[in-house]
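Participant: Take a look at the following structure, please.
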Amino acid sequence: MSFITFQVGQCGNQVGQTLYEFLMGEMINAPPASQAVTGETFFNYNPKTDKYVARSILVDMEPKVINECYTSQKIKNLWEYDKNMSFYKQEGSGNNWAFGHNIHGPDCREPVLELFKRQLERTDYLDSVIFFQSLAGGTGSGLGSYLLEAVRDEFPDVCIMNIAVVPHLTGEVIVQNYNATFTLSKLYEHSDAILLIQNDLLHTTCKDLLNLPKPNLNDMNKVMATMLASFLYPVLSDKKKSFFSPLQNTLSVSDLLNDLLVTNPLYKLLSLKNLPQMPEKDKAFSSNLWSALEKRLFQMAISNTTEGNTNWTMKPTSQGANKSIANLLIVRGESFNAKGDVEKTEKDYNFPLIKLKEMYSTKVSNAHMIIKDNHHFNNNFKSLTLISNSQANVKDLEVVTRNTYRMTHAKAYTYQYEKYGLTLDDFEEALARVEQVYYNYSQL
Ligand SMILES: Nc1nc2c(ncn2[C@@H]2O[C@H](COP(=O)(O)OP(=O)(O)OP(=O)(O)O)[C@@H](O)[C@H]2O)c(=O)[nH]1
Ligand SMILES: [Mg+2]
């Protein structure tokens with residue numbers, strides 16, 4: 001089972017690079033069976049250099065960030081990118097979705113699809129295609145949307161997940177709202193699942209939990225890489241102890257997406273919470289019980305808050321509680337035995353909170369699943385990850401659609417997009433689609 005990834009634009013490339021680096025670090029500390037599966041899931045092998053090669057396609061409209069991906073220090077020199085798996089030009093998209101989509105898109109279509117086909121030929125069993133991009137710039141957002149549609153056109157059956165970074169809501173550039181609206185509208189149309197990660201959340205995690213007073217993008221990307229890996233890192237069965245049959249010794253992310261997390265195409269937005277997040281030096285002293293960790297995660301989930309500022313007063317039935325449609329809980333760490341409910345010892349803890357009906361909107365579904373893995377993820381004896389299809393992204397949608405509405409009606413900066421082929425109808429249409437998503441989620 002393998003993933004092919006597209007790293008598009010500055011953010012997409014930097015996040016992708018940090019993720020592969022993290023995965024390699026995680027993998028070299030794992031037992032051989034886990035190493036083999038992780039290697040196959042994310043990398044090809046190059047016998048000439050005796051290195052793992054990230055199964056990724058790097059796309060940007062400027063060469064700088066891609067070159068940095070090539071030349072960056074790689075952990076123990078164990079992995080590399082294939083330099084023939086990138087496509088770049090010399091002129092970025094200037095934070096303009098229309099430029100990325102309408103001007104760069106058609107030029108990139110054939111060469112990038114060609115790279116994808118070559119990557120596919122090297123892959124025995126494709127699980128999913130994953131895009132990394134930001135919602136805010138011009139390349140990851142505009143060209144990323146275009147390439148998603150191109151891959152979807154040519155390979156209608158492939159499972160595609162888009163992992164997109166939401167800009168700081170207080171705003172870096174004002175047109176980020178337009179770019180986010182156009183991107184979300186396209187992703188909603190063509191992707192199977194959209195996982196949003198907020199730069200605001202990454203920033204506060206670095207500050208409040210990792211004690212980094214002035215986090216930079218690199219610090220934030222490390223947190224994001226940890227979060228993503230906590231979901232994507234293969235789940236291996238320890239055949240003696242785990243709940244899995246030997247045949248099911250790795251889990252298919254595409255099955256989890258299609259059968260559990262996104263079963264209704266009106267609801268495709270995912271969020272991810274992973275804990276604990278703490279400075280490396282504190283991990284050896286951490287002694288959480290599973291029940292305490294679950295309680296904290298549950299509270300974060302229903303109040304849609306973070307580990308640093310969890311709202312402990314919210315109940316699942318409170319006004320404003322975050323309603324879920326589906327939740328996947330990934331439990332990694334100390335061994336479990338399979339006696340289930342019989343003995344209520346710590347080893348047999350069965351994570352009851354995530355099954356509580358009150359946290360779900362029964363209008364759509366109340367699907368949940370718990371997956372257990374013995375791997376000490378990110379040097380934690382115990383860690384939990386919750387991937388939710390819930391109202392967690394409603395606030396972002398609200399801000400983006402409100403600002404886009406105001407700006408479109410004032411025709412603010414719209415000429416910059418009309419210059420590259422968009423019409424005011426395109427603005428209205430994209431906005432209406434994203435408003436519909438906002439409405440659907442807010443009504444749960
Ligand atoms: N978390 C994170 N966010 C990033 C990173 N780089 C850029 N961003 C965010 O991404 C948005 C800007 O998008 P970029 O990815 O830089 O833009 P691009 O896709 O290269 O497009 P153009 O530069 O316009 O051609 C802003 O919200 C940035 O905060 C990164 O490495 N990590
Ligand atoms: Mg750029």
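Participant: For the chain, what relative contact order do you get, as a whole percent, if you take Cα pairs closer than 8 Å and at least 6 residues apart?
Facilitator: Across the chain, relative contact order equals 16 percent.
Participant: So, one more: Tell me the volume per residue, in Å³, of the convex hull enclosing the alpha carbons of segment 268-329.
Facilitator: 109
Participant: Grab the other residues whose beta carbon is less than 14 angstrom from that of ILE174, score K and R as +1, D and E as -1, and report the net.
Facilitator: After counting each charged neighbour, the total is +2.
Participant: Compute the length gained on full extension between LYS295 and LYS51: take 0.36 nm times their separation in residues and subtract their Cα-Cα distance, giving the result in nm to one decimal. It would help to have the intermediate numbers written out before the result.
Facilitator: Details: separation 244, 0.36 × 244 = 87.84 nm, distance 4.18 nm.
Gain on stretching LYS295 to LYS51: 83.7 nm.
Participant: Run through all the Cα pairs of segment 395-442 and give the fraction in each 5 Å bin from 0, expressed as whole percent.
Facilitator: 5, 22, 29, 22, 13, 7, 2
Participant: Over the Cα atoms of segment 2-232, what Rg and Dmax result, in angstrom?
Facilitator: According to the Cα coordinates of segment 2-232, Rg and Dmax are 16.8, 49 Å.
Participant: Give me the extension gain from ILE28 to TYR413: residue separation times 0.36 nm, minus the current Cα-Cα distance, reported in nm with one decimal.
Facilitator: Fully extending the segment from ILE28 to TYR413 adds 133.7 nm.
Participant: Kindly provide the helix-only [θ] at 222 nm of the chain, computed as the sum of -39,500 (n - 2.57) over DSSP H runs of four or more divided by all residues, to the nearest 500 deg cm²/dmol?
Facilitator: -11500 deg cm²/dmol
Participant: Loop-only check: which trypsin sites (Lys or Arg not before Pro) in segment 397-444 are DSSP coil with at most 14 other Cβ within 10 angstrom?
Facilitator: Loop-located and lightly packed - LYS411, LYS419.
Participant: Taking the beta-carbon count within 10 Å as an exposure proxy, list THR414, THR181, THR263, THR317 from fewest neighbours to most.
Facilitator: Result, fewest neighbours first: THR317, THR263, THR414, THR181.
Participant: If you don't mind, there's one more thing I want to ask. To make sure I understand the rule: partners must be lysines, Cα under 17 Å from the Cα of LYS419, and not fewer than 8 residues away in the same chain. Which ones qualify?
Facilitator: List returned: LYS411.
Participant: Next up: Taking every eigenvalue of the Cα gyration tensor of segment 297-444, multiplying by 5 and rooting it, what semi-axes result, largest first, whole Å?
Facilitator: 41, 17, 14
Participant: Ranked by Cβ crowding within 10 angstrom, fewest neighbours first, how are LYS372, LYS295 ordered?
Facilitator: Numbers: LYS372 21, LYS295 15.
Fewest to most other Cβ atoms nearby, the residues stand as LYS295, LYS372.
Participant: Around GLU149, under 13 Å between beta carbons, what's the net of Lys plus Arg minus Asp minus Glu among the other residues?
Facilitator: 0
Participant: From the phi of every residue in segment 317-330, what ³J(HN,Hα) in whole Hz does the Karplus formula 6.51 cos²θ - 1.76 cosθ + 1.60 yield, where θ is phi - 60° and glycine or proline is x?
Facilitator: 8, 5, 4, x, 5, 6, 8, 9, 9, 8, 9, 10, 9, 10
Participant: log10 I(q)/I(0), Debye, Cα-only segment 79-160, no solvent, q = 0.18 Å⁻¹?
Facilitator: These q points yield log10 I(q)/I(0) values of -0.80.
Participant: In what order do LEU397, LEU143 fall by count of nearby beta-carbon atoms within 10 Å, going from fewest to most?
Facilitator: Ascending Cβ contact count within 10 Å gives the list LEU397, LEU143.
Participant: Whats the longest run of the chain with zero chymotrypsin sites (Phe, Trp or Tyr not before Pro) that are DSSP loop and have at most 11 other Cβ atoms within 10 Å?
Facilitator: The longest such stretch corresponds to 126-311.
Participant: If you don't mind, there's one more thing I want to ask. What is the sum of charges, Lys and Arg at +1 and Asp and Glu at -1, for the other residues whose Cβ falls under 13 Å from the Cβ of GLN7?
Facilitator: Summing Lys and Arg as +1 and Asp and Glu as -1 gives -3.
Participant: Right, another one. Among the trypsin sites (Lys or Arg not before Pro) in segment 1-69, which ones are in a DSSP loop with at most 16 other Cβ atoms within 10 Å of the Cβ? Mind listing them?
Facilitator: LYS48
Participant: I've got another one for you. Please give the contour-minus-distance gain from ILE370 to ASP208: 0.36 nm per residue of separation, less the Cα-Cα distance, rounded to one decimal in nm.
Facilitator: Gain on stretching ILE370 to ASP208: 55.5 nm.
Participant: Above 35 angstrom, tally the Cα pairs of the chain and express them as a % of all pairs, no decimals.
Facilitator: The answer is 27 percent, as a whole percent.
Participant: Name the long-range amide H neighbours of HIS368: under 5 Å, sequence gap of 5 or more, or other chain; modelled H, no Pro or chain starts.
Facilitator: ASN327
Readers should treat all values here as calculations from the given coordinates under stated rules, not as data from a laboratory. Fair warning: this is a prediction, and the values are worked out from it, not measured in the lab. Every residue, glycine as well, gets a Cβ built from its backbone with ideal geometry; the counts of neighbours run over all protein chains shown.
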